[in-house]
Amino acid sequence: SFLLFDMFESVSLTAIERATQHKLTLKANRRRNLSVFVANKFSIYVLYFLTSCFSFFITSCGVLLSPMIIPKIFPKFVDSIDIIRILSFSIIPGTVNMMYISKLLGDNHGRWILIGSGIFITAQILSIFILGRFFGINGIAASYVIAMSSEACYLTIINKIRFKKPSN
């Protein structure tokens with residue numbers, strides 16, 4: 001009977017040790033997964049920040065350097081300097097659009113992207129007719145910037161309202 005008791009005791013101790021070890025492993029995995037999640041979230045925000053800074057830099061170069069560079073490199077396109085300067089402002093909302101579109105596509109929310117594209121087309125058509133009539137080709141360039149900005153505003157609002165995490 002002592003032999004049976006020793007065997008039962010060793011089996012039960014092994015089971016308890018395994019359960020304790022499994023519990024410790026689960027806690028370690030949770031901590032590691034949390035740290036990986038925090039690191040991934042941090043790296044995403046760093047990537048967003050760097051992308052935004054780069055798009056701001058490209059916009060600044062387009063606005064400030066195009067009057068100096070275009071006449072020297074493309075002398076036949078001197079008339080397009082104002083258009084290029086206006087269209088350079090669409091780089092920033094275009095970057096915001098691409099960041100949110102990729103996020104929405106990753107979460108399988110294609111309908112919000114479709115609605116955003118509809119807003120883009122509607123804003124562009126309306127502003128082409130209105131601004132194109134009053135300002136000509138510069139108005140048409142500005143209509144593209146307005147359309148990109150309206151889509152970026154829509155996607156930003158959708159991301160903030162629709163997909164915000166519930167507060168605890």
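The values are calculated or read from the model by the stated rules, or taken from the named source; none is laboratory data. Quick caveat, the model's predicted, so the values are computed rather than measured. These accessible areas exclude ligands, DNA and RNA; they are computed on the full protein's heavy atoms, side chains included. Shrake-Rupley method; radii C 1.70, N 1.55, O 1.52, S 1.80 Å.
Could you tell me what % of all Cα pairs in the stretch 55-168 have separations over 24 Å?
The share of Cα pairs beyond 24 Å in the stretch 55-168 comes to 39 percent.
First compute the accessible area of the stretch 55-168 with a 1.4 Å probe, then give the percent of it belonging to carbon and sulfur atoms.
Reported share for carbon and sulfur atoms: 72 percent.
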